[in-house]
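Taking it in order: structure first as structure tokens, then the write-up.
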Amino acid sequence: ILYSQIRLFGGQVTSWKNDHGEELLFVSSKAIKPPKPFRGGIPICFPQFGTQGNLEQHGFARNRLWAIDDNPPPLPVNPAIKAFVDLILKPSEDDLKMWPHSFEFRLRIALGAGGDLSLTSRIRNTNTDGRPFSYTFAFHTYFSVSDISEVRVEGLETMDYLDNMKGKERFTEQGDAIVFESEVDKVYLAAPSKVAIIDHDMRRTFVVTKEGLPDAGKLDLMENLFMLNLMKSIAANYFHLHHYLFSSCLEPLG
């Protein structure tokens, strides 16, 4: 039986199991309850990723109560999807005081017949005065792995990256695959549409794919990035591989 669990607080997937009942996402045993962000699963970073602005780290969307979207705009029919839920987040008055832009963030979380998990985001500018706004965004996924020394990542070979462990100096990936022997914190530029995470010990492969955000008025995408992050311990049983959009400008629909 395929399984996924979603919390309305943060609009966050907190569990994803395959048909063998194996948990595919990491959730910390010290995961914090609301109103603090939940550590694990797939937190949503919006309207700011990391410290790329003046808001709290990773923005406020992961600390807000989302709602079920009963009447979402239609998406293309995908016969592979067997179950889904639509969520929506709108800013509160307090949110508008700290980030003065009105928006609708719609999120569809779907399970396919083969166990695939997909998240589709649609962000709409609802500013009544026609002002565009810029934001950064990420699905900050915690993948569960057996032993980080048994994991390799394929698909980022020959890509340029910024190494946050070396003052954001720019390098080009040289190896056939990425393996982990020490702490890693890299941002890969102009990332490909598919990356594979291979866990040799578990004999399991995650295939992470991405497509551009659907149009919502005008969307000027400055960078399209993957960030690979293994922090604090090479003995960790999770790591982050997340796709995020950097410095996007969104104008309201006419």
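The values are calculated or read from the model by the stated rules, or taken from the named source; none is laboratory data. Everything numeric here is computed off the predicted structure, so don't read it as measured data. Only protein heavy atoms, including side chains, enter the accessible area calculation; ligands, DNA and RNA are left aside. Shrake-Rupley method; radii C 1.70, N 1.55, O 1.52, S 1.80 Å.
What the table below lists for this structure:
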read-out: Sequence of Lys186, Lys82, Lys36 when ordered by accessible area, the most exposed leading, probe 1.4 angstrom; value: Lys82, Lys36, Lys186
read-out: Cross-link pairs beyond the 24 Å C-alpha cut-off, checked among Lys17/Lys194; Lys36/Lys82; Lys17/Lys82; Lys30/Lys82; value: Lys36/Lys82; Lys30/Lys82
read-out: Heavy-atom accessible surface of region 1-127: percent carbon and sulfur, 1.4 Å; value: 53 percent
read-out: Global geometry of region 63-202, whether rounded, prolate or oblate, following the gyration tensor of its Cα atoms and the 1.5 cut on a/c; value: oblate
read-out: Solvent-accessible area per residue, Å², over region 16-109 with all protein chains present [probe radius 1.4 Å]; value: 56 Å²
read-out: Solvent-accessible ranking of Trp99, Trp66, largest area first, probe 1.4 Å; value: Trp99, Trp66
